[in-house]
Amino acid sequence: MKDEKYFSETIKVMQNHSSVRHYKDELIPAEHFDAIIKAAQGAASSNFVQAYTIINVTDRELREQIIEHASNRPQISQCSHFLVFCADFKRLQLAGKMQGVDIEADNVESWLVTTVDASLAAQNAITA
């Protein structure tokens, strides 16, 4: 590209992304894992709701069970960490309850907010 000098390192990383599905069965160092999760949490969010939960599955037996429900993707058992990004309004509802606020999450907009928030967080984790 002609004007590549104006691109940030983030843009370069995103443009050079490719999916590799061969993993080492060794845990990611804690400081690296924390940085990935913080990057996920920094994703855009509808009204800063962050209506998702990230579940880190490191137990091989649990990953094998997940494979049965994930179109038999063998890479799930090969990786050391399998992150599940769940659309989740429950945490927000519990926080609202602690503050005496009733959070309604029973409509299409709520479903969209949770789905988009989870997807954006997952994308940030992948980029990180």
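Note on the range 40-62: residues that are touching a Ser or Thr at 6+ places or on another chain (Cβ under 7 Å) and within 21 Å of Ala121 (Cα to Cα) amount to 3. Screening Asn56, Asn72 for residues that are in contact with a Leu (Cβ under 8 Å, 6 or more places away or on another chain) and within 28 Å of Val20 (Cα to Cα) leaves exactly one candidate, Asn56. Consider Thr127 carefully, then state whether it is more than 21 Å from Thr10 (Cα to Cα) and either modelled with pLDDT of 95 or more or within 12 Å of the chain's Cα centre (by Cα) (or both). Judged against the criteria, Thr127 is not a match. Of all residues in the range 64-99, which are over 17 Å from the mean Cα position of the chain (by Cα), under 23 Å from Ser45 (Cβ atoms) and small (Gly, Ala, Ser)? Hits for the range 64-99 are Ala95, Gly96.
Of all residues in the range 93-111, those that are under 14 Å from Ala51 (Cβ atoms) have Cβ atoms under 9 Å from Cβ atoms of residues that are in a loop (DSSP other than H, G, I, E, B) and open to solvent by 90 Å² or more (accessible area, probe 1.4 Å), 6 or more apart or on another chain, in Gln93/Asp102; Gln93/Glu104; Gly96/Asp102; Ser110/Glu104.
The values are calculated or read from the model by the stated rules, or taken from the named source; none is laboratory data. Quantities reported herein were computed from a predicted structural model and do not represent experimental measurements. Using ideal geometry, Cβ is built from the backbone for each residue, glycine included, and neighbour counts are taken over all protein chains shown. Surface areas here come from the heavy atoms of the whole protein model, side chains and all, with no ligands, DNA or RNA. Shrake-Rupley method; radii C 1.70, N 1.55, O 1.52, S 1.80 Å.
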